[in-house]
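Heads up: the structure comes next, in structure tokens.
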């Protein structure tokens, strides 16, 4: 039996990925911080007749005691064939107005949580000399956006960590992959909309400009099911590619950053946002 562990399965990409991997024949260990939020996942599992292939366990990737219990669980199941590091969130806000704790909390989940979970499963994968680790990054891991500096920084760090990890683990038969979604209907941009600002904030007009642009682009947001299906394909097939950009306009953004000088990119972004 092939075991797949997924973090952050209470909603969005994680929930859908759990279903897709179960369909593909994996025994899925679906982890989430709050077990009271498992209803949506399990309702989908019932609809797809997959309840016997999905087990839900509690895991808070930022808490040492939770990670310790998770390590013990991994040891008890004997083998892990696939890890999908999906747990994460987006801290919206402008750098001057964010606290250092805002940045630290962002990194605790989006980077250090990934590292902690990965370290917990690596002994098992090394012993069997096989396995796949799929890290959920973002276009924000390749391209900076105003109003999301904490999130962007955490995803850039995740990309660097994943590059090194892939090189370290290839000799053991373990593959590491990065998924880089653009804008989807589970959209992280809502975190900007929810940011509260003090009266007279210097960034109020910038926030309005960003939100206007996002509202105008909602019709182009992708279907998160496409990301879940991509993860299932990577899990089931032999892949040599490392990064998987996905979503409307994502590949073009990456290409622009490679080809255009930063001063040109800056002018385009600021003009588009009318900032």
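The values are calculated or read from the model by the stated rules, or taken from the named source; none is laboratory data. Small disclaimer: the values here were computed from a predicted structure and weren't measured. Because the Cβ atoms are built from the backbone with ideal geometry, glycine has one as well, and the counts that use them run over all protein chains shown.
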Q. Being in contact (Cβ under 8 Å) with a residue 12 or more places away in the chain and under 23 Å from residue 126 (Cα atoms), is that true of even one residue in segment 91-106?
A. no
Q: Would you mind stating whether residue 177 is within 18 Å of residue 251 (Cα to Cα), within 18 Å of the chain's Cα centre (by Cα) and either assigned to a loop (DSSP other than H, G, I, E, B) or at pLDDT below 90 (or both)?
A: no
Q) When segment 45-93 is examined, which residues are found to be within 13 Å of residue 117 (Cβ to Cβ), touching a strand residue (DSSP E or B) at 6+ places or on another chain (Cβ under 7 Å) and in a loop (DSSP other than H, G, I, E, B)? A) 59, 80, 86, 88
Q. Taking segment 27-41, which residues are in contact with a helix residue (DSSP H, G or I) (Cβ under 7 Å, 6 or more places away or on another chain) and surrounded by 14 or more Cβ atoms within 10 Å (Cβ to Cβ)?
A. 27, 28, 30, 41
**Q.** Checklist (1) part of a helix (DSSP H, G or I); (2) at pLDDT below 95; (3) more than 22 Å from residue 14 (Cβ to Cβ) applied to residue 191, failing item
**A.** (3)
Q.
I want to confirm something. Restricting to segment 107-137 and keeping residues that are outside any helix (DSSP H, G or I) and touching a strand residue (DSSP E or B) at 6+ places or on another chain (Cβ under 6 Å), which single residue is surrounded by the most Cβ atoms within 10 Å (Cβ to Cβ)?
A. 136
Q: Mind listing just one residue for me: the one in segment 211-225 that is surrounded by 15 or more Cβ atoms within 10 Å (Cβ to Cβ) and either assigned to a loop (DSSP other than H, G, I, E, B) or touching a strand residue (DSSP E or B) at 6+ places or on another chain (Cβ under 9 Å) (or both) and, of those, modelled with the highest pLDDT?
A: 224
Q.
Being outside any loop (DSSP other than H, G, I, E, B), in contact with a strand residue (DSSP E or B) (Cβ under 6 Å, 6 or more places away or on another chain) and surrounded by 15 or more Cβ atoms within 10 Å (Cβ to Cβ) is the filter here; which residues of segment 236-253 pass it?
A. 243, 244, 245, 246
